Amino acid sequence: MSIPGTLVPLSASLALLLGACGPGAEDGEGSTETNNVGAGILAAGDPLPGLTPEQLAAFELGKEDFAEIEEADEGLGPVMNNTGCGVCHDNPATGGSSSAGLTEVRFGFTGPDGSFDPLSELGGSLQQLQGIGAVEGIPGCEAAVFNAEVVPPEANTVGGRLTTPLFGLGLVDAVPDDEIRALALAEAALSPDTAGRVSEVTNLTTGQPDLGKFGWKAQVATLADFSGDAYLNEMGITNPLFPSESCPQGDCSALACDPAPDPEDDGTALNNFTTFMTLVAPLPTLPVKGTAVIGAGVFAAVGCASCHTPALVTGSSADPVFDQVTFKPFSDFLLHDMGSLGDQIVQGGTGAGEMRTAPLWGARFRTSFLHDGRATNLTDAILAHAGQGQGAADDFADLDPFLQNALIVFLNTL
């Protein structure tokens with residue numbers, strides 16, 4: 001069964017993957033980096049190739065805004081996780097994952113019947129790890145101090161989430177939703193035991209139902225929504241999509257001493273962040289040579305490609321930068337039940353054990369893996385798969401050491 005429309009069927013994806021393979025330096029050593037998009041060689045954090053001068057200027061402005069450190073009088077806080085987007089997204093360049101392995105913390109209460117309470121009245125489900133401290137210049141707020149939130153004792157479920165890299169997400173945004181739905185149908189027909197499902201969410205700009213592609217739980221529909229969500233929840237800055245502050249530890253009365261009026265961003269920064277994420281290119285890859293060729297075959301044979309779909313294609317677009325572009329994220333952007341590997345946080349319509357398939361592009365730049373960074377190497381990350389990923393983990397464990405190593409060598413070309 002082939003996948004209709006603009007998605008590349010699995011067999012064709014593997015052909016694309018192996019198409020660049022050939023004789024050369026063993027394991028890709030001594031070879032130059034390439035990129036999945038367009039011609040030429042891109043460095044980490046570069047814009048997509050082929051942008052107009054106007055798009056390049058908008059990219060640079062967005063990147064500058066993304067790297068800016070915010071202050072309390074500009075709207076930072078009063079509780080937040082950090083002071084700027086680039087503080088957490090810096091590896092291996094602006095827009096990446098966290099070089100320090102920073103994680104956000106989610107918590108809630110899971111009842112005996114499996115029901116989940118995010119404990120919103122106690123500041124959940126996201127713990128804000130920093131506060132702006134003492135407040136100055138607001139009458140009646142001389143004693144007000146905003147400290148970091150804590151996980152309340154009522155919580156019996158706590159999970160961590162690593163900073164997700166943003167490279168290439170404009171291409172992901174440009175894949176038509178209908179094609180992601182078609183991929184889910186194809187998986188259900190070809191590999192029902194590991195088939196993913198689409199995440200049904202609300203598009204905050206239109207207010208209409210949409211398909212979630214972004215975030216660890218595929219809980220966000222668009223890059224604009226992703227930007228607005230992060231601006232509020234990670235930095236405490238209200239914006240047109242998220243105009244209301246998060247109540248510190250659930251105490252909404254404390255917001256009377258918030259130093260800046262809402263909304264703290266009129267949409268300018270929100271648009272700049274969205275532009276940067278839309279136009280930043282995927283990370284460069286290494287040629288698949290030598291042992292990595294064998295590893296690419298192992299990747300398919302043990303079932304990794306059943307969820308980590310190697311290649312996708314964007315839809316038709318008047319902008320040639322996004323028109324029918326093949327790219328290789330190694331993700332189907334669907335939800336899978338990962339059992340004990342899931343973060344056990346219910347978010348929107350996403351279940352406790354469900355997680356979006358993590359894209360593997362850029363894997364070689366990372367030092368921690370899985371949603372909470374519990375694995376410090378790729379081997380441990382594979383073996384930790386549970387739920388719908390258990391079969392692939394077991395098959396990998398049964399391989400002889402040479403084939404296991406070949407798979408790791410292949411992943412280190414991404």
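The values are calculated or read from the model by the stated rules, or taken from the named source; none is laboratory data. The shown structure was predicted, so the numbers you read here are calculated from the model rather than taken from an experiment. For neighbour counting, all protein chains shown are included, and Cβ atoms are generated from backbone atoms with ideal geometry for every residue, glycine included.
For the structure I just gave you, tell me whether A352 is in contact (Cβ under 8 Å) with a residue 40 or more places away in the chain, outside any loop (DSSP other than H, G, I, E, B) and of a type in the set (A, V, I, L, M, F, W, C). Spelling it out, it is not the case that A352 is in contact (Cβ under 8 Å) with a residue 40 or more places away in the chain, outside any loop (DSSP other than H, G, I, E, B) and of a type in the set (A, V, I, L, M, F, W, C). Any residue in the range 197-209 that is of a type outside the set (D, E, K, R) and within 23 Å of F327 (Cα to Cα)? Yes, there is a match, as at least one residue in the range 197-209 is of a type outside the set (D, E, K, R) and within 23 Å of F327 (Cα to Cα). Check the range 320-337 and report whether any residue there is farther than 29 Å from G50 by Cβ, surrounded by fewer than 21 Cβ atoms within 10 Å (Cβ to Cβ) and within 20 Å of the chain's Cα centre (by Cα). Checked the range 320-337: at least one residue is farther than 29 Å from G50 by Cβ, surrounded by fewer than 21 Cβ atoms within 10 Å (Cβ to Cβ) and within 20 Å of the chain's Cα centre (by Cα).
Against the conditions (1) part of a loop (DSSP other than H, G, I, E, B); (2) outside the structural domain of M80 (by TED's automatic domain parsing); (3) within 27 Å of A381 (Cα to Cα), L204 satisfies every one except (3). Within the range 295-319, restricting attention to residues that are small (G, A, S) and farther than 26 Å from T350 by Cβ, which residue is surrounded by the most Cβ atoms within 10 Å (Cβ to Cβ)? So the residue we want is A296. For the range 211-242, taking the residues that are of a type in the set (S, T, N, Q) and part of a helix (DSSP H, G or I), the one that is surrounded by the most Cβ atoms within 10 Å (Cβ to Cβ) is identified as S227.
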